[in-house]
Amino acid sequence: MNRFRGDGGFRAVTGFFAALVVLTVVGLAFELSRQSMLSITKFGFGFWKGTTWDPVSGDFGAFPFIWGTLYSSILALLLSTPIALGIAIFISELSPRVLRQPLTYLTELLAAIPSIVYGLWGIFVLVPFIRKLELATPAALKKTPFFSGYPLGVGMLTAAAILAVMVIPFTSSVAREILKNVPSSQREAAYALGATRWEAIKVAIGYGKTGIIGAVMLGFGRALGETMAVTMVIGNSHEIHASLFAPGATMASLIANEFSEATNDVHVAALMAVGAVLFVITIVVNVIARWLVWRVSREART
């Protein structure tokens, strides 16, 4: 009887801790929606498509920051995904056993570096490099919308490069686990049919492609919410540009820059509304990514 009572108490305590996670998410959603209600009531749905952000006149539109968040994050994925998948494939399929653990540790170590350190590295190393790249860009390319602008060094490309470095360990770690969960029978069947090693790896990638897509989306969710490193190198301009070299801003950088200086209720509510959008986008992306990874893991177990 005492044993069953102890099991029930342990289950109740751990269940309470698990419920705290759900309550925290629900509490965040409630508080963000409550605090942003003034902005939503005043501007309506025009707040999300408005392009003017002027705290002095009390006119707020969030579209430049939604654009900057998605643009920089998608650019980061384009830069990081090939590298992250290459690392995952090498460690799980090609690396000598003696190098496998050190490479895994060094890759995951990138995730432990504080974002402020990435930001300092971006200012002193990446910004000068991007400025030289802008100066070396051919004149014909500078006439296109994607490469126009002054050689400032700060902007979307710099922010995307910082995000790419920060996303790589997350994407590669999950992708590596997905490849490890691919049944060995898949590779053995490929070898039995006369496949080369590369062809057998392609079979493993094809089997785990759903989970690999989930790994990429987890990296996307990580990039969406990054704040300090991006704030230090993106330029923090409230305008919409297609150029890789033009300054911009993200939802996270906007909140970091202006929340402590918000002087009226409408300004605070507008920033909270931006935070609510970022919260919803991040939750949706991460839920989809986790579902994809779980789906592949379940198929591997069965």
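The values are calculated or read from the model by the stated rules, or taken from the named source; none is laboratory data. Quantities reported herein were computed from a predicted structural model and do not represent experimental measurements. Note that each Cβ is placed from the backbone with ideal geometry, even for glycine, and that neighbours are counted across all protein chains shown. Accessible surface areas use protein heavy atoms only, side chains included; no ligands, DNA or RNA. Shrake-Rupley method; radii C 1.70, N 1.55, O 1.52, S 1.80 Å.
Side notes on the structure shown:
- The number of Lys pairs in the chain with C-alpha atoms less than 24 Å apart, excluding pairs fewer than 8 positions apart on the same chain, is 4.
- Excluding ligands, DNA and RNA, the accessible surface per residue across region 112-240 is 48 Å² with a 1.4 Å probe.
- Anisotropy class assigned to region 103-195 is oblate, per the alpha carbon gyration tensor with a/c at or over the 1.5 cut-off and a/b no larger than b/c.
- Separation of the residue 112 and residue 290 label points, Cα + 7 Å toward Cβ, nm: 2.5 nm
- Taking the chain and dividing mean pair separation by its residue count, relative contact order in percent (alpha carbons under 8 Å, at least six apart): 28 percent
- Gain in span if fully extended, residue 263 to residue 99, counting 0.36 nm per residue against the direct Cα distance: 53.5 nm
- Restriction of the chymotrypsin sites (Phe, Trp or Tyr not before Pro) in region 1-88 to DSSP coil positions whose beta-carbon has at most 15 other beta-carbons within 10 angstrom yields 45.
- The fraction of Cα-Cα pairs per 10 angstrom bin, counted from 0 for region 181-302, comes to 12, 27, 23, 16, 14, 6, 1, 0 percent, rounded to whole percents.
- Normalised by 2.2 N^0.38 Å, with N the number of residues, the alpha-carbon radius of gyration of the chain equals 1.19.
- Added length on full extension, which subtracts the Cα-Cα distance from 0.36 nm per residue, residue 14 to residue 33: 3.9 nm
- Sequentially through region 146-161, phi angles give Karplus couplings (6.51, -1.76, 1.60; θ = phi - 60°) of 7, 10, 7, x, 7, x, 8, x, 9, x, 5, 5, 5, 4, 5, 5 Hz, Gly and Pro residues having no value and appearing as x.
- Helix content alone sets the calculated 222 nm mean residue ellipticity of the chain: runs of n ≥ 4 DSSP H residues at -39500 (n - 2.57) each, divided across all residues, give -23500 deg cm²/dmol.
- Here the 3J(HN,Hα) profile of region 243-254, calculated from phi with Karplus coefficients 6.51, -1.76 and 1.60 at θ = phi - 60°, is 5, 5, 8, 7, x, x, 7, 10, 4, 5, 5, 4 Hz, Gly and Pro shown as x.
- Separation between Cα centres of region 33-62 and region 152-182, rounded to whole Å: 32 Å
- Fraction of accessible area attributable to carbon and sulfur, the chain (%, probe 1.4 Å): 70 percent
- Residue 267 - accessible surface, heavy atoms, 1.4 Å probe, Å² rounded to 10: 10 Å²
- Since only 196, 163, 22 are under comparison, the one whose Cα sits farthest along the positive direction of the charge dipole of the chain, derived from C-beta charges on Lys, Arg, Asp and Glu, is 196.
- Between residue 83 and residue 142, the contour length at 0.36 nm per residue exceeds the Cα-Cα span by 18.5 nm.
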